[in-house]
Amino acid sequence: MNIYNIKSTNIPAFFDQLIQSGKVVIAPVLKKSGKVFFEQVQSYNQVATDYIQTAFSAKSVVFPKVEVLFSFNKTEEGIEITDSINNIPETVVWGLRPCDGSAFNYMTEFFLKENPDAYYAARKEKTTLIAISCAKADDGCFCTSVDLSPGSTLGSDILLTMMGEDVYAEVMTEKGKSSIDNSASLFTVSEEKSKDAFLANIDVKFSMEEIKERIKTAYDSAEWKNESMGCFGCGACAFSCPTCTCFDIQDEGTQNKGLRLRCWDACGFGLFTKHNSGHNPRTNQTERRRQRLMHKFKYSVENLGIVSCVGCGRCIRVCPAHLNIFENILSVTK
Ligand code: SF4
Ligand code: SF4
């Protein structure tokens, strides 16, 4: 790790140099609704700086909502196949929170550990993640319960921590170093400093070690029913989640021309597990809600050694039925 300091007044210049380098820069933008969304920007003036968390994560940069995998065109000479994996631009995601940085760490394990996904790999390779530590939090935030913190560097290429007139820059990767080197005149090498005084205070709501142990026997808990009764199966929790990776593959077109695409799906949808035979192994919302939570806290630990909930709180803020994932987990593991 390399550590630098940059004056807070020089942050706009650093940001604008990222844009001038020709990269696509995705950053948080405040919308009329009062919510903050990631979108492509052209200048630092567009960037939201006073927000706790974006409504959606930035996962679509590496795992788009709808992604054409390839298209085909049948001609007299034969079949032409165009692979969409080319032409992926160099991209910077600016201002993601440390929980979202660690979500990229999970997604990379999920997509690349076994049977590497070439589409994810190509996009991740071209993406630089510049995260900003959290100076404030709300009731939905619980990163400290899932072994993370408002200053975690896990998964990010650079983590910036605002320290008054100075910004402390922890550079974790070569990609991050390259971004700093392109704006070298704005940075000075720094000694290691404690970030604690500049980070949000987030209560620990449960012990992750205890939950990991107790969830091993939680599958048959009677509490699943109570904890899922309000769920509509709308999928908002999954679509806003930085670590939900369910997808569907569909073919569209005619005999002569068409494409194969992949789009987000959600294990909370009634059709997600429905077989062609009509049989559906998860017949109700309780079984679907249990699957989502067991995957986050048990199955991904067994498969990848990672809890796949980063405590960002989006699913709590967005749920129309006011379901709360950490309350649910505490209830089914008590
Ligand atoms: S957002 Fe709430 S209601 Fe919608 S699927 Fe998720 S838990 Fe169910
Ligand atoms: S499950 Fe909820 S709190 Fe956990 S990472 Fe996903 S959206 Fe965030």
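The values are calculated or read from the model by the stated rules, or taken from the named source; none is laboratory data. Being a predicted model, the structure only gives us computed values, none of them experimental. Cβ coordinates were reconstructed from backbone atoms using ideal geometry, including for glycine residues, and neighbour counts include every protein chain displayed. With ligands, DNA and RNA removed, areas are computed over all heavy atoms of the protein, side chains included. Shrake-Rupley method; radii C 1.70, N 1.55, O 1.52, S 1.80 Å.
Need one number: convex hull volume per residue for the range 1-158, Cα atoms only, in Å³.
162 Å³
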For this session: Calculate one ³J(HN,Hα) per residue across the range 257-265 by plugging θ = phi - 60° into the Karplus curve 6.51 cos²θ - 1.76 cosθ + 1.60, and present them in order as whole Hz with x for glycine and proline.
Result: 7, x, 8, 10, 10, 10, 9, 4, 9
Exercise. At what distance in angstrom do the alpha carbon centres of the range 90-131 and the range 288-334 lie from each other?
Worked result: 21 Å
For this session: Over 27 Å between C-alpha atoms is what I'm after, so list which of LYS65/LYS124; LYS32/LYS65; LYS274/LYS298; LYS65/LYS212; LYS59/LYS334; LYS7/LYS32 land there.
Result: LYS65/LYS212; LYS59/LYS334; LYS7/LYS32
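In terms of the ratio Rg/(2.2 N^0.38 Å) built on C-alpha atoms, what value belongs to the range 216-270?
Values: Rg = 16.7 Å, N = 55, 2.2 N^0.38 = 10.1 Å.
Here the Cα radius of gyration is 1.66 times the empirical estimate.
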For this session: Give, in nm to one decimal, the length gained when the segment between LEU304 and HIS275 is fully stretched (0.36 nm per residue of separation minus the Cα-Cα distance).
Result: 7.7 nm
Problem set entry | the range 217-334: C-alpha gyration tensor shape, a/c 1.5 cut-off, then a/b vs b/c | prolate
Exercise. Setting aside same-chain residues fewer than 8 positions from LYS216, which aspartates and glutamates have a Cα under 13 Å from its Cα?
Worked result: GLU302
Exercise. For the chain, what does -39500 (n - 2.57) per DSSP helix run (n ≥ 4), summed and divided by total residues, give at 222 nm, in deg cm²/dmol to the nearest 500?
Worked result: -7000 deg cm²/dmol
Exercise. Let a ≥ b ≥ c be the square roots of the eigenvalues of the Cα gyration tensor of the range 244-291; is it rounded (a/c under 1.5), or, if not, prolate (a/b larger than b/c) or oblate?
Worked result: oblate
Exercise. What lysines could a cross-link reach from LYS74, if we take a straight Cα to Cα line under 20 Å and drop same-chain neighbours fewer than 8 places away?
Worked result: LYS257
Seminar exercise, completed: Which residues qualify? For CYS231, with a placed amide H closer than 5 Å and at least 5 residues away or on another chain, they are none
Problem set entry | Karplus-derived HN-Hα couplings along the range 160-170 (A = 6.51, B = -1.76, C = 1.60, θ = phi - 60°), whole Hz, x at Gly and Pro | 9, 10, 6, 10, x, 6, 10, 10, 8, 10, 9
Exercise. How large is the accessible surface per residue of the chain, computed with a 1.4 Å probe and reported in Å² as a whole number?
Worked result: 49 Å²
For this session: Give, to the nearest whole percent, the P(r) tail of the chain beyond 35 angstrom, counting all Cα pairs.
Result: 27 percent
Exercise. Of the accessible area of the chain, with the probe set at 1.4 angstrom, what percent is carbon plus sulfur?
Worked result: 49 percent
Problem set entry | the chain, relative contact order in percent, only Cα pairs under 8 angstrom and at least six apart counted | 22 percent
For this session: Pull up all non-local amide H partners of GLU39: gap of 5 or more, or a different chain, and H-to-H distance under 5 Å with H placed in the peptide plane.
Result: ALA27, VAL29
For this session: Using R₀ = 56 Å, calculate the FRET efficiency as 1/(1 + (r/R₀)^6) where r is the Cβ-Cβ separation of LYS205 and LYS74; round to 0.05.
Result: 0.50
Problem set entry | Distance (nanometres) between label positions extended 7 Å along Cα→Cβ at MET229 and THR286 | 1.1 nm
Exercise. Ignoring the sites themselves, what is the longest stretch of the chain with no GluC sites (Glu not before Pro) in a DSSP loop and at most 10 other beta-carbon atoms within 10 Å?
Worked result: 193-334
Seminar exercise, completed: Here the Kirkwood hydrodynamic radius of the range 199-243, Cα-based and in Å, equals 13.6 Å
Exercise. Which of the helices in the chain meet the span-like rule: DSSP H, Cα axial reach of 18 Å or more, Kyte-Doolittle mean at least -0.5?
Worked result: 98-112
Exercise. If the viscosity is 1.567 mPa s and the temperature 4 °C, what translational diffusion coefficient in µm²/s does Stokes-Einstein give for the range 269-334 when Rh comes from Kirkwood over Cα pairs?
Worked result: 97 µm²/s
